[in-house]
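A.B. asks: One structure is given below, represented as structure tokens, and several questions about it will come after.
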Amino acid sequence: MDLYEYEARELFRDHGIAVPDAAVAASPREARAAAESLGGRVVVKAQVRTGGRGRAGGVKFAADPASAELTARQILGMDIKGHAVRKVMLAQPVDIQAEFYISYVLDCAAGVFLAIASAEGGTEIEEVAASRPEAVARIPVDPRRGVDAAGAAEIARAAHLPPEAAPVLARLWQVLVQRDAVLVEVNPLVRTASDRIVALDGKVTVDDNARFRQARWASPEVVHDDVDPLEAAAVAKGLTYVKLDGEVGVIGNGAGLVMATLDVVAGCGARPANFLDIGGGASARVMADGLTAVLSDPAVKCVFVNVFGGIASCDAVADGIVQALESVHVTKPLVVRLDGNDAARGRAVLAARAHPLVQQAATMDGGARRAARLARRGV
Ligand SMILES: Nc1ncnc2c1ncn2[C@@H]1O[C@H](COP(=O)(O)OP(=O)(O)O)[C@@H](O)[C@H]1O
Ligand SMILES: [Mg+2]
């Protein structure tokens with residue numbers, strides 16, 4: 001889960017990293033009041049979870065509360081790289097002498113954390129890395145050792161940052177570890193005219209698998225407001241659902257099987273509408289929630305339920321589907337493939353129910369072909 005800049009700013013502040021005073025506003029009037037409380041002159045910043053806001057016109061100076069209100073009116077509702085701006089952050093302007101870049105990122109391919117730092121901050125680091133790779137230091141971090149004062153000093157030296165930036169590097173590592181983040185980035189970290197080191201922009205990605213132990217993000221209802229609404233509803237019910245842009249709804253048990261099902265559906269010339277893993281048990285409740293989630297997607301033309309009874313037995317899954325058919329108003333055809341433990345009994349349960357919109361397939365390929373055909377027919 002990516003955090004907004006204002007959320008990242010609060011984490012930085014709580015970990016002792018200097019940040020400008022700031023306030024969040026969702027309307028021009030609120031922006032005016034916030035500017036007043038911040039002393040008049042402010043920077044008005046679009047809150048969207050994407051970079052390059054400055055270039056897109058989403059970061060603007062305002063000389064007084066009245067112009068902060070006007071500027072907020074311009075920025076609120078803007079579209080930045082497909083993200084609608086619903087909030088702005090108003091921050092005290094800082095007199096910038098130099099802009100740096102610092103981040104820690106989990107490099108999954110290499111299996112290490114990387115400290116990435118540069119004395120050429122402000123613009124996007126990919127651009128600096130492309131044009132002047134020698135200006136970007138990349139230093140592996142051993143997670144067992146972490147970044148202590150000596151490690152932070154070493155990173156600062158390697159990146160030609162002033163020594164005063166080292167404590168920020170050590171604190172930023174604490175943000176990563178204590179907040180279960182897989183990415184923490186400050187761009188720019190600046191040196192001010194009064195020689196303070198201040199974090200002016202932040203990006204934090206929290207590991208979704210650790211949300212349960214991060215009190216602030218633990219509740220499944222805490223889904224950011226610009227997340228796809230179907231996805232938000234499914235996640236709130238505890239489902240592992242990802243919205244895709246096709247027409248064939250896909251429900252399966254086990255992430256591997258669902259991934260394979262997406263591939264097979266695509267191989268049949270149709271596009272999957274979603275990824276939905278109902279997990280090992282596949283109870284009636286989960287099946288009903290899953291069907292509801294998938295059928296509520298207007299793009300879905302048919303649903304392919306692909307279940308392999310490995311730990312679960314297929315008759316229990318079939319019972320789940322039958323019970324789900326009682327509670328969910330099914331309006332689109334369902335293709336169901338059951339295989340594995342007790343497959344014959346499971347198929348018999350479904351056959352006995354004889355729902356007019358449910359048809360069974362003997363194999364995964366056959367089921368995917370039929371679902372693709374139904375989607376094409378546009379039933
Ligand atoms: N509080 C601030 N005071 C002064 N300048 C700022 C402030 N916040 C941002 N800026 C300037 O605006 C630029 C872009 O803002 P930033 O928050 O990094 O957005 P983005 O990276 O999305 O473009 C920064 O590099 C900095 O030069
Ligand atoms: Mg930035």
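A.B. asks: Tell me, what is the Rg over Rh of the stretch 1-127, with Rh the Kirkwood radius over Cα pairs?
C.D. replies: On the way: Rg = 15.6 Å, Rh = 15.6 Å.
Answer for the stretch 1-127: 1.00.
A.B. asks: Show the residues, 5+ positions off or on another chain, whose built amide H is closer than 5 Å to the amide H of D342.
C.D. replies: Correct list: C314.
A.B. asks: Can you give me the accessible area per residue for the stretch 274-379, using a 1.4 Å probe, in Å²?
C.D. replies: 42
A.B. asks: By a straight-distance test (C-alpha under 22 Å), which lysines pair with K203 as possible cross-link partners, with residues fewer than eight away in the same chain excluded?
C.D. replies: K45, K60, K81, K87
A.B. asks: Another one. Within 13 Å, Cβ to Cβ, of A348, how many net charges do the neighbouring residues add up to if Lys/Arg are +1 and Asp/Glu are -1?
C.D. replies: On the way: positive: R345, R347, R353; negative: D315, D319, D342.
Within the 13 Å Cβ shell, the charges total 0.
A.B. asks: With 18 Å as the cut-off, how large is the P(r) tail for the stretch 96-216, expressed as percent of Cα-Cα pairs?
C.D. replies: On the way: 3575 of 7260 pairs.
Cα-Cα pairs in the stretch 96-216 separated by more than 18 Å: 49 percent.
A.B. asks: Now a separate question. Jot down the radius of gyration and Dmax of the chain, Cα atoms only, both in angstrom.
C.D. replies: Here Rg and the maximum Cα pair distance are 25.6, 79 Å.
A.B. asks: Can you check how the C-alpha radius of gyration of the stretch 21-91 compares to 2.2 N^0.38 Å, as a plain ratio? Walk me through the numbers on the way to the answer.
C.D. replies: Details: Rg = 10.7 Å, N = 71, 2.2 N^0.38 = 11.1 Å.
Working it through for the stretch 21-91, the quotient is 0.96.
A.B. asks: While we're here: Exposed loop sites here are trypsin sites (Lys or Arg not before Pro) in DSSP loop states with at most 10 other C-beta atoms within 10 Å. What is the longest stretch of the chain lacking them? Mind dumping the intermediate values first?
C.D. replies: Numbers: sites that count: R144, R145.
So the longest stretch without any such site is 146-379.
A.B. asks: Over the chain, what percent of the accessible surface lies on carbon and sulfur atoms, probe 1.4 Å?
C.D. replies: Values: 9010 of 17070 Å².
Whole-percent figure for carbon plus sulfur exposure: 53.
The values are calculated or read from the model by the stated rules, or taken from the named source; none is laboratory data. If you're wondering where the values come from, they're calculated on a predicted model, not measured in any experiment. Counting neighbours? That spans all protein chains shown, and the Cβs are built from the backbone with ideal geometry, glycine included. All accessible areas refer to the heavy atoms of the entire protein, side chains included, with ligands and DNA or RNA removed. Shrake-Rupley method; radii C 1.70, N 1.55, O 1.52, S 1.80 Å.
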